[in-house]
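The values are calculated or read from the model by the stated rules, or taken from the named source; none is laboratory data. Quick caveat: nothing in here was measured; it's all calculated off a predicted structure. Ideal geometry is used to build each Cβ from the backbone, glycine not excepted, and the neighbour counts take in all protein chains shown. With ligands, DNA and RNA removed, areas are computed over all heavy atoms of the protein, side chains included. Shrake-Rupley method; radii C 1.70, N 1.55, O 1.52, S 1.80 Å.
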Amino acid sequence: MQSQEIGRHRRRELGGKVDRCCCTGLVTVLDAVCWFPLGRSARCWDIVIPAAQGPIRTPRKCRARSQDTKIACVSILVSAVTGFLSGALGSILVYRVLVRPRGLAPSVTGELATAVADFERQLDGLEFNPEAEGVTADMRAQYARARAACSDAVNAMPNRKYVLPALGRGRDAFVRLEAMRNGRPVPLENLSRAELGGFGKQTALAATDARFTWKGKSRQAEFVLDRPEAGRPTLVRLSASGAGYVFATAAAVERTAERVRDHSMFYADAHGPAFAVVPVAVTHLRVEPMNSTTWVVTALPRDLLPTTDSVMRGKGAMAFHHRGDAVSVVLQVRGGGGRVDFYADCDCRGDICEDDSMHRGFASGGRSFFSTVTKEYRENGFLPDKPGVIVVDIEGAWSLDVVDTEPGS
């Protein structure tokens, strides 16, 4: 009906007769479809030929405009179909990403439910009383963290996106709690980057008096070692920085009227500082930098060092003050090798000491501490009942934990 109405308004009368061009059914339908979106007529009805001129023929102009009309309308139809398909695909994508996870496959939902139920049973079987004697605040905090994570996992069912992270938090708290209750160190893989980097650069050591700090760049230098604690072995830290290849070596030198002797050498590069304990006999330090390396040497008093009573974790080189209590320790290393040495307080004047079992890094004898360690390492040891300095020089992440067992057992 609409097509006929459009045709009625789009014709012209000549000599009382009305003739039409080639716009038959299909073109009429296309004309009606295109009338609104194009804002104009396909104009195929505007050309009329009198009947007196013979059989009705399709004028060239009418054919051309009819072809344009077809092309335009086909383009609109293609666009409409494309839009419809795009909307359908978008709806499917939204459904699969946002809606479908809420209703997981029965097998996946069953696995999540089993995992949550197993963790609940594990917590219930823990037999942990937060108010019991000997329970520390850290233990109570980890237990509360595990319970809260379990509750989060139950409430998030069956959305795997939230259930799995909650289970991970709960299991981490459970492992930490069990380690505390049984006097074991927390596994290195459970420690966060922030926990491992707590003492990484030992920023507190920046408080050292300028009197015990020496700096230089590029050129070799030798200077008198001024000790913070006269008559005792001195802990020295060497740092190196700069552009390009960064490397500096330091030698502990004994200079007397009778002889000149190099006692030991240590080096630092761009990866971090180096620590060394130099004996009382050493009078000078000699530093040899490579290229344009800037170096800083600092003599450190023991009072500025963290003690073995604190948390001993980090990455790279660090030093600790051992006050002299015999304790058992566990060393864990991950991602880089190195060594750990113990330097006992000693007033000897050379590398050879009457008490050689306690003088320097004695792990090679297997008596009480560690020597060279590999990239993946875990070993038990103990600190002797003698004060001294522990120097850890390990490239990767490490932890040195005091455990509640008898030394040497």
Separation between the E195 and D152 pseudo-spin-labels, each 7 Å from Cα along Cα→Cβ, expressed in nm? 1.6 nm
Starting from the 7 Å offset along Cα-to-Cβ, what nm value, one decimal, do you get for the label separation of Y162 and D303? 5.4 nm
Place a point 7 Å from the Cα of T136 in the direction of its beta carbon; the residues of region 292-328 whose amide N falls under 11 Å from it are 310-311
With the full set of protein chains in place, find how many percent of the accessible area of region 270-341 is carbon and sulfur; take the probe as 1.4 Å. 50 percent
Averaging over all projection directions, find the projected area of the Cα convex hull of region 220-307 and quote it in nm² with one decimal place. 6.1 nm²
With R₀ set to 35 angstrom, the calculated FRET efficiency between the beta-carbons of T114 and R184, to the nearest 0.05, is 0.80
How do 118-130, 183-195, 228-240 rank on mean C-beta neighbours within 10 Å, highest first? 228-240, 183-195, 118-130
If ligands, DNA and RNA are left out, what is the accessible area of T109 with a 1.4 Å probe, given in Å² to the nearest 10? 40 Å²
Please sort 162-173, 389-400 by packing, taking for each peptide the average over its residues of neighbouring beta carbons within 10 angstrom, highest first. 389-400, 162-173
Solvent-accessible area per residue for region 214-341 (1.4 angstrom probe, square angstrom): 43 Å²
For region 105-178, report the accessible area per residue in Å² (1.4 Å probe, heavy atoms, rounded to an integer). 57 Å²
Given the Cα-Cα distance of K215 and R227 and 0.36 nm per residue of separation, how much length would full extension add, in nm? 2.7 nm
Going through K217/K315; K217/K386; K215/K375 one by one, the pairs whose alpha carbons sit over 28 Å apart turn out to be K217/K386; K215/K375
If the chain between A326 and A144 were fully stretched, how many nm would it gain, using 0.36 nm times the residue separation less the Cα-Cα distance? 62.1 nm
